[in-house]
Amino acid sequence: MNADDTRARNRFIAIQLVRLGGVAMVLLGLLVMNGRIDWPREVGFVLAALGLFEALLAPLLLSRKWKTPAE
């Protein structure tokens, strides 16, 4: 495995971990909003909103940042 393959694999793993973290934040926010976790309801809204951003938009931003430039 050469350096480019390793870098691509690591970036793919990073993007997937960001996406998974966002989904976990959304689920945590839903649990808070549903009253399963005894935190203020507003915290649940914030967690869900940030989780949606992290799950849907952050991977796109990372892939744009890491995109190979056209030659």
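Quick notes on this one:
- Filter result for the condition that a residue is acidic (Asp, Glu), exposed (fewer than 14 other Cβ atoms within 10 Å of the Cβ) and free of Cβ contacts under 8 Å to residues at least 40 places away in the same chain, over 42, 54: 42
- Taken over the stretch 1-39, the residue count meeting the criterion of being assigned to a helix (DSSP H, G or I), surrounded by fewer than 11 Cβ atoms within 10 Å (Cβ to Cβ) and of a type in the set (D, E, K, R) is 2.
No value in this document is a laboratory result; all are computed from the given coordinates. The structure presented is a predicted model; accordingly, all values stated were derived computationally and were not measured. Every residue, glycine among them, receives a Cβ derived from its backbone with ideal geometry; neighbour counts consider all protein chains shown.
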